[in-house]
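Single-structure report; data block below.
The values are calculated or read from the model by the stated rules, or taken from the named source; none is laboratory data. What you are looking at is a predicted structure, and each value in this text was computed from that prediction instead of being measured. Cβ placement follows ideal geometry from the backbone for every residue including glycine, while neighbour counts extend to all protein chains displayed.
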Amino acid sequence: MGKRHSGMALAGLVTAGLVSVPAGAAPPEPLPAEQLDFRPWGDDRPAGALCRGRYVMPEYRIPAANDPERVRSESERADYGQDGETILRGEVVLRRGDSQLEATRVRVPSDRERALASGPLALRDPGLLVRGDAAELSLVSDAASVDAAHYVVHEQHLRGDALRLARLEDGRYRLTSSSFTTCDPGDDLWRLVSSDLVLDREKGFGTARHARLEVGRVPVFYWPWVRFPIDERRQTGFLWPELQASGDGVDYAQPFYWNIAPNQDATITPRWISDRGLLLGGEYRYLLPSDRGQIEGAYLADDDGGGGDPDAASRRHEGESRWYVDYRHSGRFDARNTYDLRYGAASDGRYFDDFGSLFGDDPSNMQRLARLNHRGERWQLEARAQGFQRLDDPLRDRNKPFYRLPSLSASARWSQPSGFYQQWGSNYTYFWRDVNEAELPSNERYDRESAVGSRVHLTPAAGWRFDASWGHFEPRLEWLATAYDLDYGQRDVDRDTSLTRQVPVTSIDAGLVFERELDVWGRDYRQTLEPRVNYAFVPGRDQREFPDFDTNERAFSWGQLWSPHRFTGADRVGDLNRLSLGVDSRLLEDDSGRERLALGLGQALYFDDRYIDMGNDEASGDPDVLPRSPEEGGNFQRYHRATRERSPLVARLDWQVTDAWRTRWQWLYDDQLERTERASFDVQYRADAGHVVNLGYRWELQGFDPSVERDDDDFRNFDREEFDLSAAWKLSPQLELIGKATYDNTNDRMLEQLAGVQWNDCCYGLQLVWREWVEDGDTARLADDTTDRGFFLRFVFKGLGGVGGDAGSEFGQTVPGYRATPLRVGQDDF
């Protein structure tokens, strides 16, 4: 599953200075590294190793007996008493099964059921070393006890000291007045000190009473009782808390992790926000042989509204219940038949703006879905019911999304060896949304958008494809047949409710490939020259009364040069009479075929104006009426898109300069008006050591993308020009730095600034991030934008868990191409 949990069970978490910690004997001082099976790294040190060395268990001194219950021994001298007692002296070694005792003196009473050893001594089990001054070892069971003990768990890089260590008959270890740490020998940056500690290696956790966390021998936390993982297995218990403080107050979350079963778990998170109240969140996950799923949510009974301006949007739901729920499930009946379920809902559109999500990224909408899929060798079938809650606040009726109740699709393809092929596509959908049609504004746009109803859309196609190493040729005919049965509810409109449309879409695509050998600075390459031509013709059809269920006009791009479809969805088919010309050139390494350079240039020539668009007036969808010109009070961008004789000139470049350096560039230039419509430029440096530097530039003309409407979050009433710089640098295996800055050159302001540092050591980790960013006020007005800033700090004590805010996600997402070194603390996923 997609998350990892780590931490420890906490009971009564308080700072050490606020309670009276019960007095107890201190554990003995640690032994030097050479007595703890510690081997420093030499020439074999792995790349990125954080610890100075590793624990290595040596070979057993003597072989085990054939009978695992039998005890074998070896010593320099043996004395036998008249009462049957045996005393072994010198270098004494006893072995029973996988347990081995090494001591200078061992006394075995006449009953032969136990051995009493005096030290210095060493007791070994697989992956475990215990040294001490004296020990009592059972010769008939696994029980043992060691005084003044020093122990090492090799695989977990774990060590500690105890006044007394007892190995119980069930395999657990009980330690009295003990310490525990994962730091290298000689490094006591942190340790857990407890009066009573039990380690259960079989189940993978430890429990301690009257425990305190010491950092540099200074007490930091105290717990009357604590439970923590000692390996990567999931363990039930409290996770480390998350604490954030700002001028607005304190935000404290205390997760509790419940390991229900190997295939089920849950996280319950009470969260106290000082200026809002108590929020209770939870997540449950499960994994079945052919299914998996999760449900998460949170609830706040009475929102105190937060601080600040009483008229602020964050106080819009003061006094109300705030909540969200999100359920997901996916499964399969067999290899060809699958299904998916999803239901999400929130109390209001501002929930995630005010509270965020405890269990993942903040969504922009809440999905609802029930879907069945069949993937056959020829036929692909799908049945779905789908909708979503749009998280806008307030949400206007005209912005509410349509539900598909249901949507049924079928598609297939047939191919012949001669190159001919046939395709079938079909879809039936009933569209519905919860609006009061009569209250929508009275104009052409809302007459069209008030419709609900069914749509049948058929897309049969046939073509012939010739492919050779030197080129391709493909004529294609597609027939788009659409029928509607509409209902306008209580709205009084003079529009047809039964509509049909049939449109042929004809296209011819052809290209050639020329190659030549090329020597560049002593290296062999193959250069290609690939001219391409594409002609598309789509006649205009009257679509004035057609609804707008799922359709947007596409922004122009390189891909649009070769596509006859100007719209997404099926509610509009754009008229088109166009010839596209383009050329690609690639530089390939001759020995591997790896692409080093790709350069493309193309443009479309229009033989007719484009009448069909997504405007909001009566002319929209009329194949005989162009959008109004600026002189008639119309929108210039819309009119120019419809009447221009040539598309923007599209140029693109992708250059892998070296193994570390890469650049991408795209430019859309209007050679009629002599202006750039969209441009982007990116340079990336990625070193083998993990360093990443990104430099980016973006320019977009206002209104370039016709699919963005004034109510959309992406709408800007200005030309967009932005610079972006991000970098991550691994100064050493321990130290990593990240930074990011995004500058809005149009409005002379910083959109985001971020700086962070990560220190990842053998037994602990730290992440510190400072961030300042512009919070969009969900309008195009700059005056509605606000600036937020914050610090995010996270500590990780490896072997115990982490404490702090969500700094980890900043390291993983801020710098494209960068992979932060994990702090390696957590529970395994399912």
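Annotations for the structure displayed:
- Enumeration of residues in the stretch 171-206 that are under 22 Å from GLY53 (Cβ atoms) and of a type in the set (Asp, Glu): ASP184, ASP187, ASP188
- The stretch 530-548 - residue that is assigned to a strand (DSSP E or B) and touching an Asp or Glu at 6+ places or on another chain (Cβ under 6 Å) and, of those, surrounded by the fewest Cβ atoms within 10 Å (Cβ to Cβ): GLU530
- Residue pairs whose Cβ atoms lie under 8 Å apart, separated by 6 or more positions or on different chains, with the first residue in the stretch 759-783 and more than 22 Å from LEU243 (Cβ to Cβ) and modelled with pLDDT under 85 and the second assigned to a strand (DSSP E or B) and polar (S, T, N, Q), are GLU775/THR786; GLU775/THR787; GLY777/THR786.
- Checking ALA410 against (1) over 29 Å from the mean Cα position of the chain (by Cα); (2) assigned to a loop (DSSP other than H, G, I, E, B), the condition it does not meet: (2)
- Restricting the search to strands (runs of 3 or more DSSP E) fully inside the stretch 631-722 and requiring at least 3 residues that are at pLDDT below 95 gives an empty result.
- Among the candidates SER507, SER498, SER469, residue that is farther than 30 Å from GLY600 by Cβ and either surrounded by 15 or more Cβ atoms within 10 Å (Cβ to Cβ) or of a type in the set (Ser, Thr, Tyr) (or both): SER498
- Residues of the stretch 341-388 that turn out to be among the acidic types (Asp, Glu) and part of a strand (DSSP E or B), as a count: 1
- Hey, ASP492 among the acidic types (Asp, Glu), over 24 Å from ASN552 (Cβ atoms) and not in a helix (DSSP H, G or I) or not: yes
- Residue within the stretch 399-417 that is modelled with pLDDT of 85 or more, over 26 Å from ALA481 (Cβ atoms) and touching an Asp or Glu at 6+ places or on another chain (Cβ under 8 Å) present: yes
- Output for the stretch 75-115, where each listed residue is assigned to a strand (DSSP E or B) and either of a type in the set (D, E, K, R) or in contact with a helix residue (DSSP H, G or I) (Cβ under 6 Å, 6 or more places away or on another chain) (or both): ARG77, ASP79, ARG89, GLU91, ARG95, ARG96, GLU102, ARG105, ARG107, ARG114
- Qualifying residue in the stretch 422-429 (condition: crowded, with 17+ Cβ neighbours inside 10 Å, in contact (Cβ under 8 Å) with a residue 12 or more places away in the chain and of a type in the set (Gly, Ala, Ser)): yes
- Output for the stretch 451-483, where each listed residue is touching a Phe, Trp or Tyr at 6+ places or on another chain (Cβ under 7 Å) and among the aromatic types (Phe, Trp, Tyr): TRP464, PHE466, PHE473
- Of residues in the stretch 205-254 being closer than 22 Å to PHE791 by Cα and crowded, with 22+ Cβ neighbours inside 10 Å, the one modelled with the highest pLDDT: LEU239
- Qualifying residues in the stretch 676-715 (those that are surrounded by 16 or more Cβ atoms within 10 Å (Cβ to Cβ) and basic (Lys, Arg)) - the one farthest from LEU754 (Cα to Cα): ARG678
- ASP265 being acidic (Asp, Glu), more than 20 Å from the chain's Cα centre (by Cα) and at pLDDT below 95: no
- Applying the criterion of being in a strand (DSSP E or B) and hydroxyl-bearing (Ser, Thr, Tyr) to the residues of the stretch 733-747, the residue that is surrounded by the fewest Cβ atoms within 10 Å (Cβ to Cβ) is TYR743.
- Among the candidates ASP591, ASP622, residue that is loosely packed, with under 14 Cβ neighbours inside 10 Å and either basic (Lys, Arg) or in contact (Cβ under 8 Å) with a residue 40 or more places away in the chain (or both): ASP591
- Each residue in the stretch 287-304 was checked for being in contact with a Ser or Thr (Cβ under 8 Å, 6 or more places away or on another chain), surrounded by fewer than 17 Cβ atoms within 10 Å (Cβ to Cβ) and part of a loop (DSSP other than H, G, I, E, B), and 2 of them qualify.
- Subset of the stretch 580-598 [part of a strand (DSSP E or B) and within 33 Å of the chain's Cα centre (by Cα)]: GLU595, ARG596, LEU597, ALA598
- Check on ALA149, buried (at least 23 other Cβ atoms within 10 Å of the Cβ), touching a residue at least 24 places away in the same chain (Cβ under 8 Å) and assigned by TED's automatic domain parsing to the domain that holds THR181: yes
- Scan the stretch 74-109 for residues that are of a type in the set (A, V, I, L, M, F, W, C), touching a Pro at 6+ places or on another chain (Cβ under 9 Å) and surrounded by fewer than 20 Cβ atoms within 10 Å (Cβ to Cβ) and the total you get is 0.
- In the stretch 165-199, residue nearest to ASP125 (Cα to Cα) [restricted to those that are of a type in the set (Gly, Ala, Ser) and surrounded by fewer than 22 Cβ atoms within 10 Å (Cβ to Cβ)]: GLY171
- For the stretch 432-467, the set of residues classified as among the β-branched types (Val, Ile, Thr) and under 30 Å from PHE420 (Cβ atoms) consists of VAL456, THR459, listed by residue number.
- Residue within the stretch 320-337 that is part of a loop (DSSP other than H, G, I, E, B), of a type in the set (Lys, Arg) and in contact with a His (Cβ under 9 Å, 6 or more places away or on another chain) present: yes
- Of the set (1) in a strand (DSSP E or B); (2) small (Gly, Ala, Ser); (3) modelled with pLDDT under 90, all apply to ALA166 but (3).
- Meets criteria (in a strand (DSSP E or B) and of a type in the set (Gly, Ala, Ser)) for GLY307: no
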